[in-house]
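Chemist: Can you read through this structure? Questions will come right after.
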Amino acid sequence: MAGEKSSSPADIEPPDAAEMRTIYSLDELAELVQGRDTIYLRYSHGPERDRGSGPSRDFEADVALPGWSVTTVAPEEWWPRPTREWVARRLCKYADLGAQDDSRFPWLLTGRVAGRGPDHEPLITDFVPIARIAKSVVEEGLRVYRQSFAMGRDSTGEPAED
C-alpha cells in the first residue's frame with residue numbers, strides 16, 4: 001500500500017543543487033518517495049540549467065508555462081502493489097526523455113504547484129532539488145516494469161496499436 005501521505009517533505013533536508021545526492025537503486029528511490037506526494041520527478045539537463053533557461057514551454061501551442069513540467073512519483077493511496085513497482089512505472093514512462101539526449105537525466109525535486117500543463121502534469125515553481133537518479137536505476141526500473149506490467153495494453157485491455 002502507498003501508505004499515509006505527508007503534506008510536505010519536511011523530513012527531507014534538500015541540498016544545494018551542486019551537492020545533490022545520487023540515488024543508486026530502485027529500492028532506495030522507492031523508500032525516499034514512499035508517502036511523500038510532494039516529491040516530483042523531472043527529466044532535464046538538471047536544476048542549474050533549468051533555472052537558467054526558465055520554465056517549461058508548450059511547444060505545440062507556442063506558450064510559456066508558469067512552471068517546470070514534472071510528474072508525480074509517489075504511489076497513490078489506492079495503489080495495492082509494492083511502491084517499487086509504481087516508482088518503476090513512473091520512472092519508465094518518461095525514460096525516453098533521457099534516452100534522446102545523454103545530458104538529460106532524471107532527478108527529484110519539491111516545489112510549489114503553480115498549475116497543470118497541457119498533459120495534466122504538475123507545473124512546479126520555487127523548486128528545490130533533492131536527488132539525481134543514476135542511469136542504472138532507470139535500467140533496473142525498466143526490468144521491473146517489464147516483469148510486473150502488461151506493457152503496451154490500452155485502457156480496454158487490448159494491445160495498443162502502433
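Chemist: Is it true that residue 62 is without any contact (Cβ under 8 Å) to a residue 12 or more places away in the chain, over 23 Å from residue 125 (Cβ atoms) and open to solvent by 30 Å² or more (accessible area, probe 1.4 Å)?
Modeler: No; evaluated as a whole, the condition is false for this residue.
Matching residues to (1) of a type in the set (Val, Ile, Thr); (2) modelled with pLDDT of 90 or more:
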| site | (1), (2) |
| --- | --- |
| 8 | no, no |
| 11 | no, no |
| 16 | no, no |
| 22 | yes, yes |
| 27 | no, yes |
| 33 | yes, yes |
| 55 | no, yes |
| 61 | no, yes |
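Chemist: Within region 18-126, considering only strands (runs of 3 or more DSSP E) that don't extend past its boundaries, which have at least 3 residues that are touching a strand residue (DSSP E or B) at 6+ places or on another chain (Cβ under 7 Å) and either of a type in the set (A, V, I, L, M) or within 21 Å of residue 143 (Cα to Cα) (or both)?
Modeler: 40-44, 105-116
Chemist: Out of 86, 79, 107, I need the residue that is touching a Gly at 6+ places or on another chain (Cβ under 7 Å) and open to solvent by less than 50 Å² (accessible area, probe 1.4 Å). Which one?
Modeler: The match here is 107.
Chemist: Would you point out the residue of region 133-151, among those that are without any contact (Cβ under 8 Å) to a residue 60 or more places away in the chain and assigned to a loop (DSSP other than H, G, I, E, B), that is farthest from the chain's Cα centre (by Cα)?
Modeler: 150
The values are calculated or read from the model by the stated rules, or taken from the named source; none is laboratory data. If you're wondering where the values come from, they're calculated on a predicted model, not measured in any experiment. Don't worry about glycine lacking a Cβ; one is built from the backbone with ideal geometry, like all the others, and counts go over all protein chains shown. We work out accessible area using only protein heavy atoms, side chains counted, and drop any ligands, DNA or RNA first. Shrake-Rupley method; radii C 1.70, N 1.55, O 1.52, S 1.80 Å.
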